[in-house]
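K.L.:
My questions will all concern the structure given below.
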Amino acid sequence: MRHARRLLTAALFAAATSLAGAQSAPLTPVQQLARDIYKEVIEYNTVNIGGGTTEAANALAKRFRDAGFAEQDIFLGGVQANKHNLVVRYRGTGGATGPKPILLLAHLDVVEALKSDWSAGMDPFKFLEKDGYFYGRGIIDDKAQVAIFTALMLQMKKDGATPDRDIVIALTADEEGGCCNGARWLFTNHRNLVDASFVLNEGAFGFIRNGKPVSLTIEATQKVVGGFTVTAKNRGGHSSIPRRDNAIYQLSAGLMRLADYKFPVQFNDVSRAYFEQTAKIEKPEIAAAMRALIRNPADANADAMLSEDPLYNSMLRTTCVATILKGGHASNALPQTAEAGVNCRMLPEARAADVRAEIVKALADTGLEVSPAADREPRGSATVVPEMLRAVEGVTKELWGDIPVIQIMQAGGTDSGNWRNAGIPAYGITGLMVDPDDLRLHGRDERVPVKSFYDAQEFTIRLVKRLTTPRTVP
């Protein structure tokens with residue numbers, strides 16, 4: 001066990017019992033509202049590929065209309081009829097001359113999930129509460145945020161709350177592998193609707209050890225997604241007369257060399273701060289390795305120790321992994337072509353052309369073709385300003401005591417980059433406390449502890465209140 005987040009079996013059970021089983025009191029009205037919305041949005045099949053978000057967006061828009069939001073403050077739209085976004089504005093007291101709004105950003109679309117792949121008795125598009133967990137596709141990515149943000153806005157309307165600025169919620173399509181109908185489309189074509197002083201989005205969690213929260217993270221930057229195709233070509237022939245030169249074998253050998261290749265360790269301001277802070281709560285030998293690698297990124301021993309953990313490895317370097325494989329054209333013919341898709345998560349500062357050059361180096365076979373590097377937008381960072389950090393630390397202490405709040409670089413991708421690249425701070429802050437060895441987003445039986453959801457709701461309520469009270473934000 002080389003990672004503080006790697007919990008022993010007994011500790012995992014204790015954590016699950018603590019987080020999942022502790023929510024036994026009757027729900028408050030605002031908790032019940034969030035649960036009702038959660039159930040409703042989970043049961044809309046909003047799969048990105050071949051599906052859509054419009055039905056869910058319309059249903060939530062109806063909730064806002066029924067709550068008394070003016071039609072002029074509700075926007076529904078998108079490029080595709082089945083992929084609409086919903087944007088709703090809660091009017092604060094600042095007016096046109098006051099501070100710019102805050103934006104609550106979450107996505108309605110989810111990745112594919114088949115009932116046949118899930119455990120017996122579970123349907124990914126049926127909301128299930130069982131043994132202290134909520135289950136369903138999108139239950140953590142990202143419909144928890146959808147429900148929490150929506151319930152927050154509706155409750156504020158009911159209470160007649162008076163924030164010092166407008167609060168805007170944007171529930172989007174096309175985050176999960178799309179490009180042209182969701183957040184980017186809104187930002188490009190309707191920036192007036194989603195312009196903000198800063199953005200609260202998904203992208204980070206809190207973590208538990210031995211049943212107790214140990215840290216909360218703020219996602220302040222993220223890697224850049226890039227893809228390459230590696231191709232082997234051959235003259236082929238009849239399978240009854242095999243030869244050593246085989247396109248599938250050639251490609252496979254190159255991919256195995258790529259699998260063993262490690263891109264160099266590189267730190268940026270966010271990842272360096274993450275390891276500096278995480279070292280304070282890690283096991284001594286892991287903490288020592290973190291500090292050693294910060295001092296010398298070429299320290300092979302420290303690198304080897306930290307890289308055993310997939311999460312730490314992903315934050316230390318650019319990573320490239322084969323994700324799609326195809327080859328051959330007939331069962332009785334030697335393959336003429338074999339092809340692999342390689343998915344890269346590049347450090348924010350990396351150049352795609354340099355990453356391609358590293359892949360070519362790793363494959364070590366001039367007979368393998370690597371597709372050209374695509375132009376990619378640079379990935380901006382969102383320096384966590386002191387006012388924001390104080391607000392998050394204050395709420396964290398109220399709910400979970402003296403645990404550190406740590407900036408993190410997200411290995412995956414979110415919609416925050418659209419705002420960051422325009423100079424608008426966008427933060428991944430959810431307040432969801434999770435077991436990092438049980439993160440099932442995009443996977444089978446996706447779930448989140450019941451108590452974690454309600455704690456995250458309370459965290460968000462308190463944080464937004466702090467951020468929309470005069471003189472607490474820049």
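K.L.:
Which one of the conditions (1) charged (D, E, K, R); (2) part of a helix (DSSP H, G or I); (3) within 15 Å of the chain's Cα centre (by Cα) does Arg184 fail to meet, given that it meets all the rest?
P.N.:
Only one criterion in (1) charged (D, E, K, R); (2) part of a helix (DSSP H, G or I); (3) within 15 Å of the chain's Cα centre (by Cα) is unmet by Arg184, namely (3).
K.L.:
Return the residue satisfying two criteria in turn: it lies in region 28-49 and is in a loop (DSSP other than H, G, I, E, B) and touching a residue at least 40 places away in the same chain (Cβ under 8 Å), and of such residues it is farthest from Glu458 (Cα to Cα). If you could, list the steps in order and put the result at the bottom.
P.N.:
Start the filter on region 28-49 by keeping residues that are in a loop (DSSP other than H, G, I, E, B), which leaves 28, 43-46, 48-49.
Then drop every residue that is not touching a residue at least 40 places away in the same chain (Cβ under 8 Å), which leaves 43-46, 48-49.
Numbers: Glu43: 24, Tyr44: 25, Asn45: 27, Thr46: 26, Asn48: 29, Ile49: 33 Å.
Only one residue tops the list, namely Ile49.
K.L.:
Are any residues in region 298-337 crowded, with 16+ Cβ neighbours inside 10 Å and assigned to a loop (DSSP other than H, G, I, E, B), and if so, which ones?
P.N.:
Within region 298-337, Asp299, Asp309, Arg317, Thr318, Gly328, Pro335, Gln336 meet the criteria.
K.L.:
Here is a follow-up. Would you call Glu219 buried (at least 16 other Cβ atoms within 10 Å of the Cβ) and either within 27 Å of Arg420 (Cβ to Cβ) or under 23 Å from the mean Cα position of the chain (by Cα) (or both)? Reasoning before the result, please.
P.N.:
Numbers: buried (at least 16 other Cβ atoms within 10 Å of the Cβ): yes; either within 27 Å of Arg420 (Cβ to Cβ) or under 23 Å from the mean Cα position of the chain (by Cα) (or both): yes.
The answer is yes for Glu219.
K.L.:
Now, a different point. Return only the number of the condition from (1) within 30 Å of Arg390 (Cα to Cα); (2) part of a helix (DSSP H, G or I) that Ile218 does not satisfy.
P.N.:
That leaves (2) as the condition not met.
K.L.:
Can you confirm whether Ile169 is part of a loop (DSSP other than H, G, I, E, B), touching a Leu at 6+ places or on another chain (Cβ under 6 Å) and assigned by TED's automatic domain parsing to the domain that holds Arg35? Explain how you work it out, then say what you get.
P.N.:
Numbers: part of a loop (DSSP other than H, G, I, E, B): no; touching a Leu at 6+ places or on another chain (Cβ under 6 Å): yes; assigned by TED's automatic domain parsing to the domain that holds Arg35: yes.
No; evaluated as a whole, the condition is false for this residue.
K.L.:
What are the pairs, 6+ residues apart or on separate chains, where a residue within region 269-284 that is in contact (Cβ under 8 Å) with a residue 40 or more places away in the chain has its Cβ under 7 Å from a residue that is in a loop (DSSP other than H, G, I, E, B) and of a type outside the set (Gly, Ala, Ser)?
P.N.:
Going by the 7 Å Cβ cut-off, the qualifying pairs are Gln277/Pro404; Lys280/Pro404; Ile281/Pro404.
K.L.:
Okay, next question. Can you tell me how many residues in region 221-249 are touching a helix residue (DSSP H, G or I) at 6+ places or on another chain (Cβ under 9 Å), assigned to a strand (DSSP E or B) and small (Gly, Ala, Ser)?
P.N.:
Matching residues across region 221-249 total 2.
K.L.:
Next question. Would you please list the contacts, defined by Cβ atoms under 9 Å and residues six or more apart or on different chains, that run from a residue in region 307-318 that is outside the structural domain of Asp437 (by TED's automatic domain parsing) to a residue that is among the hydroxyl-bearing types (Ser, Thr, Tyr) and surrounded by fewer than 21 Cβ atoms within 10 Å (Cβ to Cβ)?
P.N.:
Note: pairs meeting the criteria are Asn313/Ser307; Asn313/Thr319; Leu316/Ser307; Arg317/Ser307.
K.L.:
Of the numbered conditions (1) at positive phi; (2) crowded, with 21+ Cβ neighbours inside 10 Å; (3) among the acidic types (Asp, Glu), Asp445 fails exactly one; give the number of that condition.
P.N.:
(2)
K.L.:
Scan Asp415, Asp375, Asp354, Asp365 and give me the residue that is among the charged types (D, E, K, R) and without any contact (Cβ under 8 Å) to a residue 12 or more places away in the chain. Let's see the steps before the verdict.
P.N.:
Numbers: Asp415 fails: without any contact (Cβ under 8 Å) to a residue 12 or more places away in the chain; Asp375 fails: without any contact (Cβ under 8 Å) to a residue 12 or more places away in the chain; Asp365 fails: without any contact (Cβ under 8 Å) to a residue 12 or more places away in the chain.
Selected residue: Asp354, the only one of Asp415, Asp375, Asp354, Asp365 that is among the charged types (D, E, K, R) and without any contact (Cβ under 8 Å) to a residue 12 or more places away in the chain.
K.L.:
Report the residue count in region 156-197 for those that are surrounded by 21 or more Cβ atoms within 10 Å (Cβ to Cβ), under 18 Å from Gln222 (Cα atoms) and of a type in the set (A, V, I, L, M, F, W, C).
P.N.:
Count: 1.
K.L.:
Just one of Asn58, Asn45 is at pLDDT 85 or above and surrounded by fewer than 17 Cβ atoms within 10 Å (Cβ to Cβ); which is it? Show your work before the answer.
P.N.:
Details: Asn45 fails: surrounded by fewer than 17 Cβ atoms within 10 Å (Cβ to Cβ).
After ruling out the rest, the residue left standing is Asn58.
K.L.:
For the condition surrounded by fewer than 22 Cβ atoms within 10 Å (Cβ to Cβ) and basic (Lys, Arg), what is the one hit in Lys100, Lys143, Lys83? Quick ask: steps written out before the conclusion?
P.N.:
On the way: Lys143 fails: surrounded by fewer than 22 Cβ atoms within 10 Å (Cβ to Cβ); Lys83 fails: surrounded by fewer than 22 Cβ atoms within 10 Å (Cβ to Cβ).
Lys100 is the lone residue from the list that is surrounded by fewer than 22 Cβ atoms within 10 Å (Cβ to Cβ) and basic (Lys, Arg).
K.L.:
Given (1) of a type outside the set (A, V, I, L, M, F, W, C); (2) surrounded by fewer than 19 Cβ atoms within 10 Å (Cβ to Cβ); (3) outside any loop (DSSP other than H, G, I, E, B), identify the lone condition not met by Glu112.
P.N.:
All conditions pass for Glu112, except number (3).
K.L.:
Then there's this: Applying the selection to region 217-258, what residues are acidic (Asp, Glu) and more than 30 Å from Gly413 (Cα to Cα)? Walk me through it before giving the result.
P.N.:
Step one: of region 217-258, the residues acidic (Asp, Glu) are 219, 245.
Residue satisfying the conditions is Asp245 alone.
K.L.:
If a residue has to be at pLDDT 95 or above, out of contact with any helix residue (DSSP H, G or I) (no Cβ under 6 Å at 6 or more places or on another chain) and in a loop (DSSP other than H, G, I, E, B) to count, how many in region 338-371 make the cut?
P.N.:
Looking only at that region, the number is 3.
K.L.:
Of these, Val214, Val225, which one is touching a strand residue (DSSP E or B) at 6+ places or on another chain (Cβ under 9 Å), under 18 Å from Thr396 (Cα atoms) and surrounded by fewer than 20 Cβ atoms within 10 Å (Cβ to Cβ)?
P.N.:
Numbers: Val225 fails: under 18 Å from Thr396 (Cα atoms).
Matching residue, one of Val214, Val225: Val214.
K.L.:
Looking only at region 55-77, which residues are assigned to a helix (DSSP H, G or I) and more than 16 Å from Phe149 (Cβ to Cβ)? Explain how you work it out, then say what you get.
P.N.:
Initial filter on region 55-77 (assigned to a helix (DSSP H, G or I)): 55-66, 71-73.
Of everything in region 55-77, those that are assigned to a helix (DSSP H, G or I) and more than 16 Å from Phe149 (Cβ to Cβ) turn out to be Glu55, Asn58, Lys62, Arg65, Asp66, Glu71, Gln72.
K.L.:
Within region 176-228, take every residue that is of a type in the set (Phe, Trp, Tyr) and in the same structural domain as Gly401 (by TED's automatic domain parsing) and give me the one that is nearest to Gly52 (Cα to Cα). Talk me through it step by step, then tell me what you get.
P.N.:
Taking region 176-228 as the starting set, the residues that turn out to be of a type in the set (Phe, Trp, Tyr) are 185, 187, 198, 205, 207, 228.
Subset that is in the same structural domain as Gly401 (by TED's automatic domain parsing): 185, 187, 198, 205, 207.
Working: Trp185: 15, Phe187: 19, Phe198: 28, Phe205: 27, Phe207: 32 Å.
Among those residues, the one meeting the criterion is Trp185.
K.L.:
Assess whether Val395 counts as being surrounded by 20 or more Cβ atoms within 10 Å (Cβ to Cβ), of a type outside the set (S, T, N, Q) and in the same structural domain as Lys100 (by TED's automatic domain parsing).
P.N.:
Details: surrounded by 20 or more Cβ atoms within 10 Å (Cβ to Cβ): yes; of a type outside the set (S, T, N, Q): yes; in the same structural domain as Lys100 (by TED's automatic domain parsing): yes.
So Val395 passes the test.
K.L.:
Pairs under 8 Å by beta carbon, first residue in the same structural domain as Pro335 (by TED's automatic domain parsing) in region 237-249, partner among the hydroxyl-bearing types (Ser, Thr, Tyr) and assigned to a loop (DSSP other than H, G, I, E, B), six or more apart or different chains?
P.N.:
Listed pairs, sorted by first residue: Ser239/Ser331.
The values are calculated or read from the model by the stated rules, or taken from the named source; none is laboratory data. Bear in mind the structure is a predicted one, so any value in this text is a computation, not a measurement. We place every Cβ from the backbone using ideal geometry, glycine too, and count neighbours over all the protein chains shown.
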